[in-house]
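The values are calculated or read from the model by the stated rules, or taken from the named source; none is laboratory data. It should be emphasised that the depicted structure is a prediction, and the values quoted were computed from it without experimental measurement. For neighbour counting, all protein chains shown are included, and Cβ atoms are generated from backbone atoms with ideal geometry for every residue, glycine included.
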Amino acid sequence: MAGSFEADNIDQMEWVARYLGRIHQTGRKMPFIARPTIGIQEYLLEPRQVFAASTLIPKALKDDFLNATDKLMDAVTACWRDDIPTLRLHGDCHAGNILWRDGPLFVDLDDARMGPAVQDLWMLLNGDKAEQRMQLETIIEAYEEFSPFDSDEIALIEPLRAMRFVYYLAWLIRRWDDPAFPRNFPWLTGGGLLA
């Protein structure tokens, strides 16, 4: 039976990185035909429209919330690079989507899309800044055993992280009418993020 990937196990981290290097080597060969590309439109502009139309965000907070979203969008847009090569990605490659059974097993591919390689790498990072720096060095070194890595992509980690948070919040809001969502994400409105 498969167990969980241990995100703090450096040997497993290296193994996952080598495996991703192989996956990305294949992912560079041809683009997806019917999958989106990670970018400003899908991850910031469309979610901003969802926020503006949402009744889940209290009126007393909405203007400040939208202004903060706009500032974040401006900051990400200022450092986003459309010229970074894209490839087929897992797209949601965090520890919860990696099982372990004599090696990594990647699951939950519904977010697979085109994007920069670093998208699948940054989500493996955990701990404080120093730990994340060490993990990133380890990941890149193991990854490069099978696939080249453009170090310029490291500058995209924080923009990608911000875009993911915005996209994820919009994803929750879009699905809030499904009874499973209020039950499984009570922190969103019940005294939490949007309360």
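Considering only residues that are polar (S, T, N, Q) and either outside the structural domain of Val166 (by TED's automatic domain parsing) or surrounded by 14 or more Cβ atoms within 10 Å (Cβ to Cβ) (or both), which ones fall in segment 42-76?
If we filter segment 42-76 for residues that are polar (S, T, N, Q), which is where we start, we get 49, 54-55, 67, 69.
Result: Ser54, Thr69.
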Exercise. Select from segment 86-120 the residues that are free of Cβ contacts under 8 Å to residues at least 60 places away in the same chain and among the β-branched types (Val, Ile, Thr) and write down the one among them that is nearest to Glu6 (Cα to Cα).
Key: Val107
Self-check item: Subset of segment 125-173 [loosely packed, with under 13 Cβ neighbours inside 10 Å and touching a Lys or Arg at 6+ places or on another chain (Cβ under 6 Å)]
Solution: Glu145
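Is there a residue being of a type in the set (S, T, N, Q), at pLDDT 95 or above and assigned to a loop (DSSP other than H, G, I, E, B) anywhere in segment 66-81? Spell out the reasoning first.
So the first thing to find is which residues in segment 66-81 are of a type in the set (S, T, N, Q), and the list is 67, 69, 77.
Narrowing further to those that are at pLDDT 95 or above: 67, 69.
Cutting the leftovers down to assigned to a loop (DSSP other than H, G, I, E, B) gives us none.
No, there is no match, as no residue in segment 66-81 is of a type in the set (S, T, N, Q), at pLDDT 95 or above and assigned to a loop (DSSP other than H, G, I, E, B).
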Practice problem: Scan Ala130, Ala142, Ala112, Ala155 and give me the residue that is over 11 Å from the mean Cα position of the chain (by Cα) and closer than 18 Å to Val16 by Cβ. | Solution: Ala142
Exercise. Could you tell me which numbered condition Phe32 fails, if it satisfies all but one of (1) under 25 Å from Phe149 (Cβ atoms); (2) among the aromatic types (Phe, Trp, Tyr); (3) in the same structural domain as Arg164 (by TED's automatic domain parsing)?
Key: (3)
Exercise. Please verify whether segment 124-138 includes one or more residues that are in contact with a helix residue (DSSP H, G or I) (Cβ under 9 Å, 6 or more places away or on another chain), assigned to a helix (DSSP H, G or I), under 18 Å from Gly27 (Cα atoms) and assigned by TED's automatic domain parsing to the domain that holds Tyr19.
Key: no
